[in-house]
1. Quick one: which residue in Trp184, Trp155, Trp167 is assigned by TED's automatic domain parsing to the domain that holds Lys248 and in contact with a Ser or Thr (Cβ under 8 Å, 6 or more places away or on another chain)?
2. So Glu209 ticks every box in (1) farther than 28 Å from Val84 by Cβ; (2) out of contact with any Ser or Thr (no Cβ under 9 Å at 6 or more places or on another chain); (3) surrounded by 15 or more Cβ atoms within 10 Å (Cβ to Cβ) but one. Which box is left unticked?
3. Determine whether region 270-277 contains at least one residue that is outside any helix (DSSP H, G or I) and more than 30 Å from Ala115 (Cβ to Cβ).
4. Out of the residues in region 140-156 that are among the β-branched types (Val, Ile, Thr) and under 9 Å from the mean Cα position of the chain (by Cα), which is modelled with the highest pLDDT?
5. If you scan region 162-201, which residues turn out to be closer than 30 Å to Phe118 by Cα, not in a loop (DSSP other than H, G, I, E, B) and not aromatic (Phe, Trp, Tyr)?
6. Is there a residue in region 100-112 that is of a type in the set (Gly, Ala, Ser), in a loop (DSSP other than H, G, I, E, B), over 21 Å from Phe131 (Cβ atoms) and within 23 Å of the chain's Cα centre (by Cα)?
7. Identify, from the list Lys92, Lys160, the residue that is assigned by TED's automatic domain parsing to the domain that holds Thr222, under 18 Å from the mean Cα position of the chain (by Cα) and more than 26 Å from Ala249 (Cα to Cα).
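The values are calculated or read from the model by the stated rules, or taken from the named source; none is laboratory data. This one's a predicted model, so the numbers in the text were calculated from it and none came from an experiment. Cβ: placed from backbone, ideal geometry, glycine included. Neighbour counts: every protein chain shown.
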Amino acid sequence: MLQDNYVVGVDIGGTHISACIIDTKQWNIHLENVVRNHVFSQGDAKTILHTWASTIQDIVGSAPTAIQFVGIAMPGPFDYENGVSKMLGQSKYDNLYNKDVKSLLSAELGLEPTAIHFINDAAAFLQGEIFVQNLQSNARILGITLGTGLGSSVWNQGEKAFDADLWNTPYQDSIFEEYLVTRWFVKRFKEITGKDVTGLKQILDNYRETTDFKTIKDEYATHLFDFMEFFAAKYQTNIFIMGGNIAKALPIFIADREEFNKFKIHTAILGEKAAMIGAASIFS
């Protein structure tokens, strides 16, 4: 365990970086202070790394004691053990491809490379929720995030959570992700009604009482159940934490579906804080 219980938790996305000081004794954000900055992820490597480093340095100044460790939640593909970016052709961070981000960032921050650890962003979400909801007594928990993409992660007791990477698992005539994310609602609603919508929120706000929505609701529940059953069978547990914007509407989809009773479902409560807390928990 750490002698110093303050750790920098960082969440890096395709267009942003958020950083805070995590008190690993309480699993909360010190002074509720979060520094957020926009990142131009298609910029040059030097500019990206400088933006990341300056954001982290800004939050370090608010720490009650010297900071020894930085935990970073990072999207994949990424070599998390060695800190090397493998993102290419995903409209983000192409200019960091195959670069030793750990060493470059440690030089910018004036820290040893061993002080900086990385974790997959979906895994960080799961780990953060587990620590804050005090679910560590379970042997294994699965995480699902439902939004613009499909995230899946696994946590085993006493180990660091990892990315299950199931988004592209074959399903029906495509892959699971194509049936569980925002674009599925947009596409399916157009097919059924001929109307254009921007996402699930617009459908819920304007069409929730229609028979067309009931059709979509039932279809989505079937897709979600199929994915959860596949995931649960693969890792031999029925305990889930569900997060992401679509998961906020989960009760609407599963309220009258008894087959979901076979799962023990916890709803995410932390929002954007989950990944930062999960990243900091690497050092616990």
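1. Trp167
2. Unmet condition: (3).
3. No, because not a single residue in region 270-277 is outside any helix (DSSP H, G or I) and more than 30 Å from Ala115 (Cβ to Cβ).
4. Out of the qualifying residues, it is Ile144.
5. Asp163, Pro170, Ile175, Glu177, Glu178, Leu180, Thr182, Arg183
6. no
7. Lys160
Each row is one residue, and each column tells you yes or no for (1) aliphatic (A, V, I, L, M); (2) free of Cβ contacts under 8 Å to residues at least 40 places away in the same chain.
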| position | (1), (2) |
| --- | --- |
| Asp79 | no, yes |
| Asp100 | no, yes |
| Phe118 | no, no |
| Ala123 | yes, no |
| Glu129 | no, no |
| Ala161 | yes, no |
| Asn168 | no, yes |
| Ile175 | yes, yes |
